[in-house]
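The values are calculated or read from the model by the stated rules, or taken from the named source; none is laboratory data. Small disclaimer: the values here were computed from a predicted structure and weren't measured. Ideal geometry is used to build each Cβ from the backbone, glycine not excepted, and the neighbour counts take in all protein chains shown.
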Amino acid sequence: MKKFITVFIIAATFFVACSDDDNKAGNGTLKVNLTDAPAEYSKVLVDIQGLRINVNDADTTEGKWMDLELDTMGQIDLLELMNGVSIQLSDDEIPAGYLSQIRLILGENNQLVIGENDTVDMDTPSGQQSGLKVNVHDSIADGETFSMMLDFDAEQSVVDKGNGSYSLKPVLTVIKD
């Protein structure tokens with residue numbers, strides 16, 4: 001009986017020492033900012049409704065989508081975000097691991113202002129359902145702060161369809177800080 005108890009105590013000690021707590025990757029912080037390059041319009045208003053990332057934590061090989069908490073939401077004039085000016089979209093804690101993609105989700109309130117008062121609604125074929133996907137392909141370590149800038153190119157993103165109608169087909173680039 002004493003041998004059984006001794007073996008049981010040794011086995012229990014071994015299992016406690018090998019617990020998952022030692023293998024967890026922890027968390028990092030992801031900071032996402034938004035900026036723009038110049039365009040020929042008076043305003044390019046985009047309706048930001050969400051930000052999602054695809055990240056693999058250290059315990060999995062398959063990524064999972066996760067919504068980030070937005071610091072800035074709603075209609076934003078991209079042309080106010082030029083020449084080094086940016087706004088923070090999110091500063092959120094995420095699982096440490098491999099960040100493969102980020103998706104910017106747009107709402108329906110996207111508009112173009114031409115001249116003084118000519119405001120035109122822009123349809124956004126792909127930005128509202130699945131979001132605008134941008135590849136990141138970088139790792140975030142435990143305790144690390146990973147900062148990135150989403151450069152939303154308004155000039156290339158606005159498409160003149162003729163007859164006074166426009167669509168927004170966003171061109172985004174990730175700039176890692």
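Can you find a residue in region 127-141 that is within 27 Å of residue 84 (Cα to Cα), surrounded by 12 or more Cβ atoms within 10 Å (Cβ to Cβ) and acidic (Asp, Glu)? Talk me through it step by step, then tell me what you get.
Of the residues in region 127-141, the ones within 27 Å of residue 84 (Cα to Cα) are 127, 131-140.
Still in the list and also surrounded by 12 or more Cβ atoms within 10 Å (Cβ to Cβ): 127, 131-134, 136, 138-140.
Add one more test, that the residue is acidic (Asp, Glu), and what stays is 138.
Within region 127-141, one or more residues are within 27 Å of residue 84 (Cα to Cα), surrounded by 12 or more Cβ atoms within 10 Å (Cβ to Cβ) and acidic (Asp, Glu).
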> Quick one: is residue 161 basic (Lys, Arg), outside any loop (DSSP other than H, G, I, E, B) and either more than 30 Å from residue 28 (Cα to Cα) or touching a residue at least 40 places away in the same chain (Cβ under 8 Å) (or both)?
Replying inline: yes
>> I'd like the full set of residues that are surrounded by fewer than 19 Cβ atoms within 10 Å (Cβ to Cβ), over 21 Å from residue 32 (Cβ atoms) and not polar (S, T, N, Q), limited to region 74-126.
In response: 108, 113, 114, 115, 116, 118, 120, 121, 123, 125
>> Let me spell it out: the conditions are (1) surrounded by fewer than 18 Cβ atoms within 10 Å (Cβ to Cβ); (2) more than 19 Å from the chain's Cα centre (by Cα); (3) outside any helix (DSSP H, G or I), and residue 155 meets all of them except one. Which number is the exception?
In response: (3)
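Looking only at strands (runs of 3 or more DSSP E) that fall completely inside region 87-134, which ones have 2 or more residues that are within 15 Å of the chain's Cα centre (by Cα)? Give the steps one after another, and end with the answer.
Values: elements: 87-95, 97-106, 111-114, 118-123.
Once the strands (runs of 3 or more DSSP E) in region 87-134 are filtered for at least 2 residues that are within 15 Å of the chain's Cα centre (by Cα), what remains is 87-95, 97-106.
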>> It is to be established whether one or more residues within region 57-76 are more than 14 Å from residue 41 (Cα to Cα), touching a helix residue (DSSP H, G or I) at 6+ places or on another chain (Cβ under 9 Å) and among the charged types (D, E, K, R).
In response: yes
>> Residues that are within 24 Å of residue 143 (Cα to Cα), modelled with pLDDT of 90 or more, aliphatic (A, V, I, L, M) and assigned to a strand (DSSP E or B): does region 68-84 have at least one?
In response: no
> Considering only region 75-129, how many residues are touching a Leu at 6+ places or on another chain (Cβ under 6 Å) and among the charged types (D, E, K, R)?
Replying inline: 2
